[in-house]
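The values are calculated or read from the model by the stated rules, or taken from the named source; none is laboratory data. The structure displayed is predicted, hence computed values, not measured ones. Neighbour counts are summed over all protein chains in view; Cβ atoms, including those assigned to glycine, are modelled from backbone coordinates with ideal geometry. SASA here: full protein model, heavy atoms, side chains in, ligands and nucleic acids out. Shrake-Rupley method; radii C 1.70, N 1.55, O 1.52, S 1.80 Å.
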Amino acid sequence: MDTRLAEQRLIDAIAELPPGRALCNTAGRGQLAAALAARAAAGPVACFFLDLFQLHETEAEIGKLPANLSLHCQADPPAGEVDLVPLVFGKQGDAELSRDLLQAAHDRLAIGGRLAAAIDHGADQWLHEQLRGMFDKVTRRPATDSVLYLATKTKPLKKHKDFSCLVSFRDGERLIELRTRPGVFAHRQVDDGARVLVKAMEITPATRVLDLGCGSGAVGIAAALRAEDVEVQAVDSNPRAIEATMWGAEKNGATSLAATLDCDGRTVESEGFDLVLANPPYFSNFRIATLFLTIAHRALAPGGRLLLVTKTPSWYAENLARLMPRVEQAETRPAGKYTLVVADCGPEPLADEGE
């Protein structure tokens, strides 16, 4: 994989960055982290991820990790003081998540520590403004297609912003409360797709439910509270989604819900569920959508059902028809935004996809 533009700017600047303890992120497969760990007299380097799939791809790209390099997929950057934080940003990135990451980076820098930030936008002003609000002096090095910023921490931040948000929604007479953070799908709201799934799902006592790509946990928590002895497993590749889901489960008393960090279904029991609920993401040219269908197909017990919401129903109907004997589409409200796709397994155990 080619190194992303902004990440390459930081790699090119490594020679002038101080040695010592480092914390970084990556826009690709850890190229910056590997370069930091490989330089002479390098200290420990921690690379931070908010996506487990990206961490696995980085492990595959780097191979055997150097002794001074560690990879972390967790809700916040690793705790502990560092001397250097190089960060990669994208011009199409989430502004609130970027601000959250910058604040965490500033907190972890020692006094006198150095921050380097690069963005793939030669006319950037937004990132510059954020950095000027946190550091006394910011050096800006623009190029045609990117900008590199350098700054030194001289004092702690006077104020810290809480980027989390409390949201709530009703499922019948029950008010369900959630807490989301930047990076969680549909931060600061309950997505219409989740509302469609909650409205459409039929939960009876002792139903075994898989909330695939759980996000804030809205759907899985609602399912867990619908009837007695319902068991819910919620999975997501984003550790902040797992954090949000477990917060919501505790807050609302959904004691039968468990959440696992998972990007490929390895924590999901084969034929272990009566119902799979999903709102698959739209990026990656249907790669993730295909993975969702594969996991759902394997997870469903004989006679089980998949409910998913999508804005591209024809692709799902065509591909699900190869896996399950009955596939239907249903219009939802608000009309035109989402289509509910329902797929039922037959009464016999499912064959493997390769058979």
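Of all residues in segment 68-83 being under 16 Å from the mean Cα position of the chain (by Cα) and either part of a strand (DSSP E or B) or free of Cβ contacts under 8 Å to residues at least 24 places away in the same chain (or both), which is surrounded by the fewest Cβ atoms within 10 Å (Cβ to Cβ)? Explain how you work it out, then say what you get.
Looking only at segment 68-83, we keep the residues that are under 16 Å from the mean Cα position of the chain (by Cα), and these are 71-77.
Now restrict to residues that are either part of a strand (DSSP E or B) or free of Cβ contacts under 8 Å to residues at least 24 places away in the same chain (or both): 71-73.
Numbers: LEU71: 19, HIS72: 14, CYS73: 20.
Only one residue fits best here, namely HIS72.
For segment 104-124, how many residues are farther than 17 Å from THR26 by Cα, open to solvent by less than 50 Å² (accessible area, probe 1.4 Å) and either of a type in the set (Lys, Arg) or not in a loop (DSSP other than H, G, I, E, B) (or both)?
Just the residues of segment 104-124 that are farther than 17 Å from THR26 by Cα, to begin with: 106-114, 122-124.
Still in the running and open to solvent by less than 50 Å² (accessible area, probe 1.4 Å): 106, 108-110, 113, 122, 124.
Now narrow it down to the ones that are either of a type in the set (Lys, Arg) or not in a loop (DSSP other than H, G, I, E, B) (or both): 106, 108-110, 113.
The total comes to 5.
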Against the condition under 29 Å from SER164 (Cβ atoms) and in contact (Cβ under 8 Å) with a residue 60 or more places away in the chain, how does VAL45 come out, does it pass?
no
Within segment 84-103, which residues are touching a Lys or Arg at 6+ places or on another chain (Cβ under 9 Å) and either open to solvent by 10 Å² or more (accessible area, probe 1.4 Å) or without any contact (Cβ under 8 Å) to a residue 12 or more places away in the chain (or both)?
VAL88, GLY90, GLU96, LEU97, ARG99, ASP100, GLN103
Going by the structure shown, is ARG9 of a type in the set (Lys, Arg), within 24 Å of PRO156 (Cα to Cα) and not in a loop (DSSP other than H, G, I, E, B)?
no
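Listed here are the residues, each with its yes/no results for (1) hydrophobic (A, V, I, L, M, F, W, C); (2) part of a strand (DSSP E or B).
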{"position": "LEU197", "(1), (2)": "yes, no"}
{"position": "ILE203", "(1), (2)": "yes, no"}
{"position": "VAL209", "(1), (2)": "yes, yes"}
{"position": "CYS214", "(1), (2)": "yes, no"}
{"position": "GLY220", "(1), (2)": "no, no"}
{"position": "ALA223", "(1), (2)": "yes, no"}
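Those residues that are of a type in the set (A, V, I, L, M) and either within 15 Å of LEU150 (Cα to Cα) or crowded, with 23+ Cβ neighbours inside 10 Å (or both), I need them from segment 1-26; list them, please. First the steps, then the outcome.
Residues of segment 1-26 that are of a type in the set (A, V, I, L, M), as a first pass: 1, 5-6, 10-11, 13-15, 17, 22-23.
Result: ALA6, LEU10, ILE11, ALA13, ILE14, ALA15, LEU17, ALA22, LEU23.
Filter segment 144-179 for residues that are hydroxyl-bearing (Ser, Thr, Tyr) and not in a loop (DSSP other than H, G, I, E, B); which is farthest from GLU96 (Cα to Cα)? Walk me through it before giving the result.
We begin by selecting, within segment 144-179, every residue hydroxyl-bearing (Ser, Thr, Tyr); these are 144, 146, 149, 152, 154, 164, 168.
Imposing the further condition that a residue be not in a loop (DSSP other than H, G, I, E, B) reduces the set to 149, 152, 168.
Working: TYR149: 19, THR152: 22, SER168: 21 Å.
Per the stated criteria, the residue is THR152.
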